[in-house]
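Okay, structure first, notes after.
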Amino acid sequence: MAVEKVTDQNFEADVLKSSAPVIVDFWAEWCGPCRMVAPILEEVSGELDGKVRIVKLNVDENPQTASKYGIMSIPTLLMFKDGKIASRQVGAAPKAKLVQWINTAV
């Protein structure tokens, strides 16, 4: 399952109202660590298909949502369950650490 993109416009419908847990990757095109994490998230998304959804939100194109959740540094990953933040991971991390974080939070 590919990592989908979300925007300020569809964030509520796609993330907050999702029945499954959703991880939002807050990122930007110019961010090196964000580009390091992206292929890891693509991989993990395929492995955890059905258990959790992973989406990306470009902070430059969607400043409302980024500022609403106080995103100060990127990449920041937020896990939402039932419309609320369940867990937060700031900064790039190796795949093993991300998978462990996801499994703990789910």
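Rule-based calculations on the coordinates, nothing more; no lab input. Small disclaimer: the values here were computed from a predicted structure and weren't measured. Virtual Cβ from ideal backbone geometry, glycine too; neighbours counted across all protein chains shown.
Worth pointing out:
- Span per principal axis, largest first, for the Cα atoms of the chain (Å): 31, 30, 21
- Among F26, F11, F80, residue whose mean-square fluctuation peaks in a GNM of the chain (springs only between Cα atoms under 10 Å): F11
- Length-normalised contact order of the chain in % [C-alpha pairs under 8 Å, at least 6 apart]: 37
- Förster-model FRET efficiency, 25 Å R0, A96 and W30, C-beta, rounded to 0.05: 0.40
- Label zone of K68 (point 7 Å out along Cα→Cβ, amide N under 19 Å): in region 79-106 this covers 79-89.
- Within the listed set V44, V55, V90, the Gaussian network model of the chain (springs between alpha-carbon atoms below 10 Å) gives the highest mean-square fluctuation for V90.
- Only lysine pairs 8 or more places apart or on separate chains count here, and in the chain those with Cα atoms under 25 Å apart total 28.
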